[in-house]
Amino acid sequence: MLLLLLAAPGAFAAPASPAPAWRPPAVAVATAHPLATEAALEILAAGGNAFDAAVAASAALAVVEPYSSGLGGGGFWLLHRARDGLEVMVDGRERAPLAATRDMYLDAEGRPRPGASLDGPLAAAVPGEPAALAHIAARYGRLPLARSLAPAIRLAREGFRIDARYRRFARLRLATLRASPAAARIFLKDGEVPPEGWRLRQPELAATLARLAREGAAGFYRGPVAGRLVAGVRAAGGIWTLEDLAAYRVAEREPVRARWRGLRLVSAAPPSSGGVLLAEMLHMLERFHWERLDAAARAHVLIEIMRRAYRDRALWLGDPDQVDMPLGRLLSRAYAARLANGIRFDRATPSAALGPAPGTRAGAGAHTTHLSVLDAEGNRVAATLTINYPFGSGFVPPGTGVLLNDEMDDFAIAPGVPNAYGLVGAEANAIAPGRRPLSS
């Protein structure tokens, strides 16, 4: 969930007795890996702002958490600029190749081919993270992109010690990594999961990052890196073209905003589903006296609320550049009240009773990564990055060091067919050329 939580004036009652006002430290950084946190702090100490630090942390995570994010993936960066209050979402979501078709993962009988949208280069959408990092640095940062990428380049070149988490995900995706000679050479040791403490060096990724640092987005989406990416993908059965890479563009979007219990919530807009669902669910929750409910009743209410919100996710949400979504209705309190009024405490609502939308299965993905940065000026960044399944598609185009995503699995492969996380979709999230898949 991508979220900035801001307190409105008077949101909280004054304490019974005076107490010293608590203030956050001048800067704050939180990431999933200490080396990425150190990279962000290094850039802040060098005079960068929160946006520069977020670029540094994102790139460092691409090196030290290859199972969760990377240059071969994408993400959403939610920015708050202190000097003028600007709030914007930088959409670096991956896009389907221009040759993609809605039935590309189905067999002759119209059934999904197992693993086709998860493993190998055919599962990879066109990455957005490199373009997003260059965009944020150029438009919002204070330092050159090369300075913000320097810690990640150093980590890729010199290496770092892998931990138990790395080994767990490598074991999960061992067969897929072995299927890509370049990936196996980088992420495995003699074809096996490396021991804890093994030093992972990624010189080819360091070279790709260095070209991005020198040339900006063009260093990834055009020229030698783009040529190697496309050649590697096509040689292994993928459908990328140079045009796919050259056509990629970052989008800036208005965040989703909502108020709840005196707080102002600013969250991600589609193609992330998180902000819309969060606002819709909180608006429904307002209709219940939460404090008066026992544990069983609370669980029942939450399940019923989520059932209704995820139905709307499956039916309506998709790429805002290609799909007309009724966001005004989905975010309205009146609509939430109508949905909440159908919740009964004496029975569960069958999914079929909610209407003709696809159902959803329980599923939660833990294979993204999140970072938060606050600088001394009050600039803030909340970012969620991913390559989808652990180690993405498991495929590295030779000579690039770039592990590709398997975000094509986030599309609705076929009506009612769940993705790797149990989520299903409808026409709004069907595969289409150049479309961004809906994110959970």
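Taking amide H as placed 1.01 Å from N in the peptide plane, the amide H of GLY74 sits under 5 Å from that of GLY128, GLU129, THR386, each at least 5 places away or on another chain. Only Lys, Arg, Asp and Glu carry charge here, each on its Cβ (+1 for the first two, -1 for the last two); on that basis the range 257-354 has a dipole of about 340 debye about its Cα centre. The simple Förster model, with R0 at 35 Å and r as the Cβ-Cβ distance, assigns ALA376 and ARG154 a FRET efficiency of 0.90. GNM remark for the chain: springs join alpha carbons under 10 Å apart, and the peak mean-square fluctuation among GLY110, GLY318, GLY72 falls on GLY110.
Sequentially through the range 282-293, phi angles give Karplus couplings (6.51, -1.76, 1.60; θ = phi - 60°) of 5, 5, 5, 4, 4, 7, 10, 7, 4, 5, 8, 8 Hz, Gly and Pro residues having no value and appearing as x.
Under 17 Å from the 7 Å Cα→Cβ point of ARG161, by amide nitrogen: which residues of the range 184-220? Only 194-201 pass the distance filter. Between ASP190 and ASP324, the FRET efficiency from the beta-carbon distance, with R0 = 56 Å, is close to 0.60.
In the chain the Cα-Cα distances spread across 10 Å bins starting at 0 as 5, 21, 30, 26, 14, 4, 0, 0 percent of all pairs. Here the range 134-216 is treated as a Stokes sphere of Kirkwood radius computed over C-alpha pairs; at 20 °C and 1.002 mPa s its diffusion coefficient rounds to 151 µm²/s. Taking amide H positions as modeled 1.01 Å from N, with prolines and chain starts lacking one, the residues under 5 Å from SER272 and 5 or more places away or on another chain are SER439.
The 3J(HN,Hα) values that the Karplus relation (6.51, -1.76, 1.60; θ = phi - 60°) gives for the range 166-174 are, in residue order, 4, 5, 4, 6, 5, 5, 4, 10, 4 Hz. Gly and Pro appear as x.
With springs only between Cα atoms under 10 Å, which of ALA383, ALA340, ALA213 fluctuates most in a Gaussian network model of the chain? Most flexible of the set in this elastic network: ALA340.
3J(HN,Hα) along the range 299-305: 4, 4, 4, 4, 4, 5, 5 Hz, from the Karplus curve 6.51 cos²θ - 1.76 cosθ + 1.60 with θ = phi - 60°, whole Hz, x for Gly and Pro.
Each pair of Cα atoms in the range 218-279 enters the Kirkwood radius, and Stokes-Einstein at 20 °C and 1.002 mPa s then converts it into a translational diffusion coefficient of 148 µm²/s.
Rg/Rh, computed from the Cα trace of the range 257-354 with Rh as the Kirkwood radius, has the value 0.97. Averaged over residues, the count of other Cβ atoms within 10 Å places the peptides 194-202, 287-295, 319-327 in the sequence 319-327, 194-202, 287-295, highest first.
At full extension, ARG222 and ALA295 could sit 20.7 nm farther apart than now, given 0.36 nm per residue minus the alpha carbon distance. Taking SER148, SER272, SER332 in turn, the Gaussian network model of the chain (Cα-Cα springs below 10 Å) assigns the largest fluctuation to SER332. Taken about its Cα centre, the chain carries a charge dipole of about 480 debye when Lys and Arg each add +1 at the Cβ and Asp and Glu each add -1 at the Cβ.
Each value in this text was obtained by applying a stated rule to the coordinates, not by laboratory testing. Note that the coordinates shown come from a computational prediction; the quantities given were computed from them, not determined experimentally. We place every Cβ from the backbone using ideal geometry, glycine too, and count neighbours over all the protein chains shown.
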